[in-house]
1. Compute the separation of the alpha-carbon centres of region 348-376 and region 173-198 and state it in Å as a whole number.
2. Rounded to the nearest 0.05, what FRET efficiency do Lys102 and Arg266 have when you use their Cβ-Cβ distance and R0 = 51 Å?
3. For Glu418 and Leu110, FRET efficiency with R0 = 45 Å and r from the beta-carbon atoms, rounded to 0.05?
4. Once both axes come from the Cα atoms, what is the angle between helix 106-120 and the longest principal axis of the chain, in degrees from 0 to 90, rounded to 10?
5. In nm, what is the difference between 0.36 nm times the number of residues separating Asp10 and Glu325 and their Cα-Cα distance?
6. Using the 10 angstrom Cβ neighbour count as an exposure proxy, how do Phe305, Phe222 rank, fewest first?
7. Taking a ≥ b ≥ c as the square roots of the eigenvalues of the Cα gyration tensor of region 323-402, is the shape rounded (a/c under 1.5), prolate (a/b larger than b/c) or oblate?
8. Under the rule a/c < 1.5 gives rounded, and otherwise a/b versus b/c splits prolate from oblate, where does the chain land using the Cα gyration tensor?
Amino acid sequence: MEAILIVEDDITLGIMLKTWLSKKGFDVSTVSNIARAKKHIDNQPVDLILSDLRLPDYDGIDLLKWINEKCLNIPLIIMTGYADIQSAVLAMKLGARDYISKPVNPEELLKKIAEALQSKKEPASETHKTAASKRKGTHPALLEEKDTLAYLEGKSDVAKQLYNYVGLVAPTNMSVLVNGSSGTGKEYIAHRIHQLSKRKDKPFIAVDCGAIPKELAASEFFGHVKGSFTGALTDKTGAFVAANGGTIFLDEIGNLSYEIQIQLLRALQERKIRPVGSTHEIAVDIRLISATNENLELAIEKGNFREDLYHRINEFTLRIPALKERREDILLFANFFLDQSNKELDKKLIGFDAKASEALLSCHWPGNLRQMKNIIKRATLLAQGSYITLAELGSELLEASTVPNLNMSLRNEETEKEHIIEALKRTGNNKSKAALLLGIDRKTLYNKLKLYQIDL
């Protein structure tokens, strides 16, 4: 029977939790302050701690530090009110297993307890690895420092499902198509798949398909030989050869011209490429990951994307949820980006005040994580006190809180055109803001303006 210690000065809540958890088969004890909690831990075995953040003598963070100093493998879950979410995030950075908001949802708490107790059953090597990362101030949901990108995966149910799928597909050689709005972190997902694959020690090559001029696309993918066209002054190694043995990531693959799609399909089918101007083929061994913020099935219907290529790149699909679908992760990401900005700008901001936190939570985030990162970096620079306020977050955040995100996952061309015109109208023909509202990048917007012959 697992032993749970509840540290809570609200006697009524403590008794309620003890009664309920006891009925679930746990051996539950309650104390009302940190001093008694330490004494209890010194004298009796404890498998898990539920601690209020604010207590009469010290707070839950002090208890967490004490546990770390004594190198005790006891997961701790922080219980906190809405106003103390910032402190809960800080506690997680120091090694807390999780936090739960008051009023406590019993079923949610039971789920978090089960996850925390399972973490105790990990092999010793894994436990030590996790503990070491926590002592460095890194939450387990963060990538290790040695990884290519620093990133927070999140704790929402949709985030957990996404990274569960990432873990399943990564060890395979399946071609993966990553769907998601602009700014959701598609390239990070591609990196993560590569890092968890058998190809992790081989190259990872990313190509932005939306930024390649049509006439240079073949050279970028397959390379060229000297003198093959005007300007080809030297031999060039293409992305496919550079990625040989590893992973190639084709971002915004929906922006490729039809002609290049044909060449790409042939390369994927035959696993051979021919540099522009060369008569010799080169065998390549690559794992393909593609990404798009467009509806490729609709593009197929319109004749803009090859169906055979679609099936070739889409052996497994990952959908990245928009930030507005991950409300539980918003403040976690906000604090994560604040930490990054503090380091980059040499600042020491603690967090966000109550009104700023509310604004972050109510924002629709049309530009997703990219938009949040930029807003918080700017706010960090402007902030004069210890906390970021509503004033530093700026008008962009307030506008995004009141203007709904338009849905580009449409089924007919005319409605899509109307949405683009409406977005431009709302933003005074500002293409950057219109792209944010539509959940696409500027390059895709320019392509659609040309496709629908929308004149500004």
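Taken together, the values in this text are just the output of simple stated rules run on the coordinates, not laboratory data. Only a predicted model underlies this, so the values are computations on that prediction, with no experimental measurement involved. As a convention, Cβ positions derive from the backbone with ideal geometry for all residues, glycine included, and neighbour counts pool all protein chains shown.
1. With region 348-376 and region 173-198 each reduced to a Cα centre, they are spaced 25 Å.
2. Efficiency for this residue pair is about 0.30.
3. The computed FRET efficiency comes out at 0.40.
4. Result, in degrees: 80.
5. Extending this stretch completely gives an extra 110.1 nm.
6. Going from sparsest to densest Cβ surroundings: Phe305, Phe222.
7. prolate
8. prolate
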